[in-house]
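These notes concern the structure reproduced below.
The values are calculated or read from the model by the stated rules, or taken from the named source; none is laboratory data. All figures in this text were calculated on a predicted structure; none of them were measured in a lab. Don't worry about glycine lacking a Cβ; one is built from the backbone with ideal geometry, like all the others, and counts go over all protein chains shown. Protein only, heavy atoms only, side chains kept; ligands, DNA and RNA dropped before computing areas. Shrake-Rupley method; radii C 1.70, N 1.55, O 1.52, S 1.80 Å.
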Amino acid sequence: DDDDDDGDALPPPPPTFNADELQEMSQRLHEVLLSEKETANVTLHMITRTSDALRQKRRKLIAEHVSERQLAQARLTFSVLDLNGDRRLTIDEMIEAQNRYAGPNPARDRQLRQHFAQLDTDNKGWLDFDEFCLLSFGLDNYSFDDKDDAG
C-alpha cells in the first residue's frame, strides 16, 4: 500500500491571497511591529531609569557609610582584583586574586560566590565599583526599595 507511505507525500500548497488580503495583512503586521517597537522603547527607558535610580541609591548609601580614605582603599583593591583591567570584576577574577594573595579557601570561595550573586541582581556576570563597595563594606544586605525614598 503506497497510500500509507507519508514520506513521499507532497506538502500542501501554500495559501493564496488576493491583493486586498495582502494589503490588510501587511497593515496589521506594520501595526504589530510599531507596537512592539514602542513597547521595547518604553521598557528600555524604564530599565534605564530604574538602573540610574538604583545607582544613585547605592552611591548615597556608600557616601553615608564609607569615608574618603576607605573609598580610596577600595578603589585600589578593586584595581588589584580586576585582573584584566576592564573595570568589571567577575567572580572568577575575585577568587583568582584571593587565592593568589591569601591561598585557596573553598569555604571563602563559596561565601564570595553567594555575596556576588546577591549583588549581581541583573545576572550580568560582573560587579562595577559601586557593587564592589557594597560587598566590601558589608552593605550588600541593604534593601533598595520605594520606602527608602521616603526618608
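Descriptive notes on the structure:
- Odd one out for T77, checked against (1) part of a helix (DSSP H, G or I); (2) free of Cβ contacts under 8 Å to residues at least 12 places away in the same chain: (2)
- D122 being outside any helix (DSSP H, G or I), of a type in the set (D, E) and at pLDDT below 85: yes
- Pick from region 126-143, criterion surrounded by fewer than 16 Cβ atoms within 10 Å (Cβ to Cβ) and farther than 15 Å from A74 by Cβ, ranking: modelled with the lowest pLDDT: S143
- Any hit, region 4-13, residues being at pLDDT 70 or above and either of a type in the set (A, V, I, L, M, F, W, C) or closer than 30 Å to L135 by Cα (or both): yes
- Residue in region 39-46 that is under 30 Å from L135 (Cα atoms), open to solvent by less than 100 Å² (accessible area, probe 1.4 Å), at pLDDT below 70 and of a type in the set (S, T, N, Q) present: yes
- In region 83-98, residue nearest to C133 (Cα to Cα) [restricted to those that are outside any loop (DSSP other than H, G, I, E, B) and touching a helix residue (DSSP H, G or I) at 6+ places or on another chain (Cβ under 8 Å)]: L89
- The set of residues in region 47-82 being buried (at least 16 other Cβ atoms within 10 Å of the Cβ) and either more than 13 Å from E131 (Cα to Cα) or within 18 Å of the chain's Cα centre (by Cα) (or both) consists of K57, R58, V66, L81, D82.
- Pairs, first small (G, A, S) in region 107-126, second open to solvent by 60 Å² or more (accessible area, probe 1.4 Å), C-beta under 9 Å, six or more apart: A117/N123; G125/R88
- Flag for A117 being modelled with pLDDT of 75 or more and in a helix (DSSP H, G or I): yes
- Of all residues in region 90-125, those being closer than 20 Å to L61 by Cα and either of a type in the set (A, V, I, L, M, F, W, C) or loosely packed, with under 15 Cβ neighbours inside 10 Å (or both) number 6.
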